[in-house]
Amino acid sequence: MTSRVLAVLGAFDADHPRLSLSDIARRSGLPLSTVHRLVGELESGQALSRAADGRFRIGLRLWELGRLAPSLLQDVAHPWLQELFGSTGENVHLAVRDGLEVLYVDKVYGRHAVPIVSRAGGRLPMHPTGVGKVLLAHEQEWFVSAYLARSLERPTPHTITEPGRLSRELAAVRAQGYALTSEEMTLGSCSVAAPILLEGRAVAAVGIVVSSRRARDLQRLIDPVRAVAGQITRSYARSHADRR
């Protein structure tokens, strides 16, 4: 029963926040009759709620429970993300690696900053994003080799998908301590990102996204991004040690 409930809840994600019963059945792999019964129970318990169009979405009860999940990294990083946004006025986000993807765990943005596709709780491929390149560059050699051996997504004509070229860029990212992208994930956007390192491992990455019209500004943003990544690294290391 538990696995079936988790399959129903797992059908929802950032790209599919509202689903019909048939959608849930298709994405969960469960029979429609089973989904109908489980969704009814989850709705009664406020784990799911029904939208005006009849589709279902995650309910307030799950949101309340999710807020109880430990989030040391986010708690430590958020004030620094706010400071970076305040000093630059640009979209700032924090991401971690989850499998072969980047998972965005926090974001600070404003009305006047360039619109971006990342959102808290959302996922994107690693190789076209600044934060993803930083995380991938600091992974173990076997992981990088396996990642590059895949058929890599190409969101835009500027996305680097050639294994040799991407491998050389990852080496440069490791050497210089930051990553730059130019319209590789989204046309009209470019980014800079730096790693948050703990005991030599990149546990997360902080990045800024700006309009491609202001690509020249990326150079002046490298130092602020690296400085904030360093501050988060030190704060996180202290907090992590205190919890041991």
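The values are calculated or read from the model by the stated rules, or taken from the named source; none is laboratory data. Keep in mind that what you see is a predicted model, and the values were worked out from it rather than measured. Here the Cβ positions follow ideal geometry from the backbone for every residue, glycine too, while neighbour counts run over all protein chains shown. Heavy atoms of the whole protein, side chains included, go into the accessibility calculation; ligands, DNA and RNA do not. Shrake-Rupley method; radii C 1.70, N 1.55, O 1.52, S 1.80 Å.
A few points about this structure:
- Neighbourhood charge, 9 Å Cβ-Cβ cut-off, centred on Ala51 and excluding it, Lys, Arg +1 and Asp, Glu -1: +3
- Figure note: Tyr236, Tyr104, Tyr109 ranked by solvent-accessible area, largest first, 1.4 Å probe, ligands and nucleic acids not counted: Tyr109, Tyr236, Tyr104.
- For Gly122, the residues whose modelled amide H falls within less than 5 Å of its own, excluding neighbours fewer than 5 places apart on the same chain, are Tyr104.
- Max mean-square fluctuation residue, GNM over the chain, Cα-Cα springs under 10 Å, options Arg123, Arg216, Arg226: Arg216
- Only helices enter the 222 nm calculation for the chain: every DSSP H run of n ≥ 4 contributes -39,500 (n - 2.57), and dividing by all residues gives -14000 deg cm²/dmol, rounded to 500.
- Protection-proxy order for peptides 157-168, 131-142, each taking the mean of Cβ atoms within 10 Å per residue, highest first: 131-142, 157-168
- Where the Cα pairs of the stretch 135-196 fall when distances are cut into 10 Å bins, in %: 21, 53, 25, 0
- Cβ-Cβ distance of Trp142 and Arg18, R₀ of 45 Å, FRET efficiency by 1/(1 + (r/R0)^6): the value works out to about 0.70.
- P(r), alpha carbons of the stretch 81-222 - 10 Å bins starting at zero, rounded %: 13, 47, 34, 6, 0
- Inter-part distance where the stretch 167-208 and the stretch 1-56 are each reduced to a Cα centre, Å: 36
- Ratio Rg/Rh, restricted to the chain and using Cα atoms, in which Rh is the Kirkwood radius: 1.01
- Inverting the pair-averaged 1/r between distinct Cα atoms of the stretch 150-244 gives 14.7 Å as its Kirkwood hydrodynamic radius.
- Each eigenvalue of the Cα gyration tensor of the stretch 189-244, multiplied by 5 and square-rooted, gives one semi-axis; in descending order these are 28, 9, 7 Å.
- Electrostatic tally near Leu94: other residues with Cβ closer than 9 Å to its Cβ, Lys and Arg +1, Asp and Glu -1, net 0.
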